[in-house]
């Protein structure tokens, strides 16, 4: 998993660089050469969406998702454990369902392409399918870890 996470981080850094470069290039081409780059806004939006969807699994692994830690801290240990298991099971089910739906959508639209960029539909939907599959895997690993340790993770909110 460590190698997969590193690959995801590397891909996200490439997407971030592309997200920064696309509008910058558009500004230079339009402002200096008076030649606008067709589809720059859509391409930048694609990079932003892909970065967000693919980076979600890494954020989840690092514990960076929004949590209601204050509420969880008020629960007894058994209640925190049950709540964490329920959250993880629901996340695996939800992200697994979205993964399956996005893969099915890709296969149903293999011959299609996006209107403006004329990007193949599978490439357009790939960040959704891959990102949701990675989130499913991260939550599944989190669920297995929680069940093995037999208690909820200790939660502490640090205010800086």
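For residue 69 and residue 52 in one chain, what is 0.36 nm times their gap in residues minus the Cα-Cα distance, to one decimal in nm? Write down the numbers at each step before the final one.
Numbers: separation 17, 0.36 × 17 = 6.12 nm, distance 2.32 nm.
Gain on stretching residue 69 to residue 52: 3.8 nm.
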* To do: Can you tell me how much longer the chain between residue 154 and residue 119 gets when fully stretched, taken as 0.36 nm per residue apart minus their C-alpha distance, in nm with one decimal?
  => 8.1 nm
* To do: Report the label-to-label distance for residue 41 and residue 25 in nanometres (one decimal), using points 7 Å from each Cα along the Cα→Cβ vector.
  => 1.9
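Suppose only helical runs count, i.e. DSSP H with n ≥ 4. What mean residue ellipticity at 222 nm does that imply for the chain under -39500 (n - 2.57) per run, divided by all residues and rounded to the nearest 500 deg cm²/dmol?
Working: 5 runs with 119 residues, N = 160.
Taking each H run of at least 4 residues, the total per residue is -26000 deg cm²/dmol.
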* Could you work out how far the C-alpha centroid of region 46-96 sits from that of region 16-31, in angstrom? => 34
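Quick one: which of 123-130, 60-67 comes out on top by average Cβ neighbours within 10 Å, and what's the full order, highest first?
Numbers: 123-130: 18.2, 60-67: 12.8.
Highest mean packing first, the order is 123-130, 60-67.
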* Asked: GNM on the chain, C-alpha springs below 10 Å: top fluctuator among 74, 119, 132?
  -> 74
* **the chain, relative contact order [Cα under 8 Å, separation at least 6], %** => 28
* Structure fact -> Helix 2-31: inclination vs the chain longest Cα principal axis, degrees, rounded to 10, gives 30
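Since every read-out is calculated from the coordinates, none of them should be taken as a lab result. Keep in mind that what you see is a predicted model, and the values were worked out from it rather than measured. Counting neighbours? That spans all protein chains shown, and the Cβs are built from the backbone with ideal geometry, glycine included.
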